[in-house]
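Chemist: Have a look at the structure that comes next, please.
Coordinate-derived values only; no laboratory data. Every value quoted in this text rests on a predicted model; they were computed, and no experiment measured them. Because the Cβ atoms are built from the backbone with ideal geometry, glycine has one as well, and the counts that use them run over all protein chains shown.
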Amino acid sequence: MKKPSFLERLTGSATTREYDRVLDEEHEFGEAEGEEADYTEDWEQEQASTPAQDGELPVDMYQTNDAIVIRALVAGVSPDELEISITRDMVTIRGVREEFKETNEDGYFHRELFWGGFSRSLLLPEEVAIDEAEAQEKHGLLEIKLPKLDKHRSTLLRVRTNAAHK
């Protein structure tokens, strides 16, 4: 079917027979004459062939005077199965939330929870002391405390020498 121009659609001068065919109750949208389409099957095949993507973990990140704090809800994930990698300017959190199916797909009324792998990489606003970082989980809330590097801190350094004094 030739697509009518805007003016033809506006004035109604396009052939109504073509539009009647598209609007007919027996016609499926996008289907050619005499052709049956099964879009559900196509979608399911596409989903099966697409590799699973990690979900993005939602987080809160804020700072105190001496630390940057990151919080994330990780309910249903064992703390031993969380992977947290830290550099001076970036944090990456990874994990997997395993789904325990108690019913088949037809038994659900709502499905809103995220199951599967998740990760999140955050660029830190300041450099942090990696060796002093702490992470704890309580009641499904992960909290990571990253002490800030004190750039204004100074120390006196004594110079040693290997030369023997006579």
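Chemist: Can you tell me the length gained on complete extension of the stretch Thr64 to Phe100, counting 0.36 nm per residue apart and subtracting the Cα distance?
Modeler: 9.1 nm
Chemist: How far apart, in nm, are the 7 Å Cα→Cβ label points at Leu113 and Asp80?
Modeler: Going from the Leu113 label point to the Asp80 one covers 2.1 nm.
Chemist: Please list, in chain and number order, the residues 5+ apart from Leu124 or on another chain whose amide H is under 5 Å from its amide H, with Hs placed from the backbone.
Modeler: So Leu124 has HN proximity to Met90, Val91.
Chemist: If you add up the charges near Pro147, with Lys and Arg at +1 and Asp and Glu at -1, over every other residue whose beta carbon is less than 15 angstrom from its beta carbon, what do you get?
Modeler: Its environment carries a net charge of -4.
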